[in-house]
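Worksheet: one structure, shown below.
The values are calculated or read from the model by the stated rules, or taken from the named source; none is laboratory data. None of the values given here were measured: they were computed from a predicted structure. Using ideal geometry, Cβ is built from the backbone for each residue, glycine included, and neighbour counts are taken over all protein chains shown.
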Amino acid sequence: MADIRAVRGKNAKKEAGNLFTLERDAHEVVDVLPELSLEANRIASTIAHGIHGRRRSGPGETFWQFRQLEAQDSIQLIDWRRSASSDHLYVREREWEAAHTVWLWPDLSPSMEFRSHLSKVVKRDRALVIALASAELLVRSGERVALLGLTQPTSSHKATTRIAQALAANAHAHALTKSEPPKARLARFTSVILVSDFLDPPSKIREYVEAMAAQGVTGHLVQVLDPAEETLPYEGRTEFLAVEGDESWTADRAESLRDAYQSRLTAHRAELVEMTGRIGWSFIVHHTDRPAAEVMLALIMHLKGGQAISPYATPAPALVEGQEA
């Protein structure tokens, strides 16, 4: 799919300082959303997004269980209300909680610089806003975030700014300029949010996604497409240029390609939906002519423990950005 893009005028590359404008946009996206605390979403009774229960006693704020006072326990741990209804003294145990680590990867490869006449936003810019907004939401919820292959996990309230700085400082790094995330050894029970157009061959995408899943990592794929890449709205003689490479091809009647193109895109996406569903990951489609807040709401719903969200999944009801479920 990567070589089937209509390009009518290339957008000049934005300077690195523009990343901070995108960071501001990400904050604006977050501010219009309700104050959501990512709720526990345990997988195999061990992991969760947001406040992260370990299903055993330890430091935390969530009540776990009552147990009888033992010799080594401090008298300050006694729950007098519970003990008053019994002949024994009881202490209140809390569940051990820990922050969850989420790795972010926005695709900044040349294919993401595309923008058609149907959108005001370059795909790369929207991918950055989604990544930065995700970082801000996760940090506000007490999680740790990091850029895959570039930074270390942090829960600092300045995490979004630091991520933007890392993006600016490493604009030409391999981890950002390739259309696939960098290979990394990730800890079990961490998560990844991958933001890309995912127009590479499904076999290539499957290779790195399944490699992450094999490490015990959960993930979320956000496919960012220009509306023209969804509908191929061109008419008449149109020159198609490969965004990554020097290939070009001219169609005398671009409209005659539309049905075959859309069929191929549908089949391509169906493979991604099948793959992510099989390994328990989520897959969300976002178009750059839609507000960024919509895709963030969809992503939050999944992080809170909802069903996997795919506008194209069947036969389960689908949540499409911009529409109510």
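With the structure loaded, tell me whether Val121 is in the same structural domain as Glu247 (by TED's automatic domain parsing) and either of a type in the set (A, V, I, L, M) or modelled with pLDDT under 85 (or both) or whether it fails that test. Taking the combined requirement at face value, the residue satisfies it.
Checked against (1) touching a His at 6+ places or on another chain (Cβ under 9 Å); (2) closer than 15 Å to Asp197 by Cβ, Phe114 passes all but condition (1).
Here is a yes/no grid of residues against (1) closer than 26 Å to Glu143 by Cβ; (2) at pLDDT 85 or above; (3) exposed (fewer than 15 other Cβ atoms within 10 Å of the Cβ); (4) not aliphatic (A, V, I, L, M):
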residue	(1), (2), (3), (4)
Leu232	no, yes, no, no
Gly236	no, yes, yes, yes
Leu241	no, no, no, no
Arg264	no, yes, yes, yes
Arg269	no, yes, no, yes
Val273	no, yes, no, no
Glu294	yes, no, no, yes
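Scan the range 203-256 for residues that are among the small types (Gly, Ala, Ser) and under 30 Å from Gly280 (Cβ atoms) and jot them down. Ser203, Ala211, Ala213, Ala214, Gly216, Gly219 - these are the residues of the range 203-256 that are among the small types (Gly, Ala, Ser) and under 30 Å from Gly280 (Cβ atoms). Screening the range 144-171 for residues that are outside any strand (DSSP E or B) and of a type in the set (D, E, K, R) and picking the one that is modelled with the highest pLDDT gives Arg162. Summed over the range 282-298, residues that are within 17 Å of Ala131 (Cβ to Cβ), in contact with a Ser or Thr (Cβ under 7 Å, 6 or more places away or on another chain) and outside any strand (DSSP E or B) total 1. When residues in the range 208-228 are screened for being within 15 Å of Phe189 (Cα to Cα) and among the polar types (S, T, N, Q), 2 of them pass.
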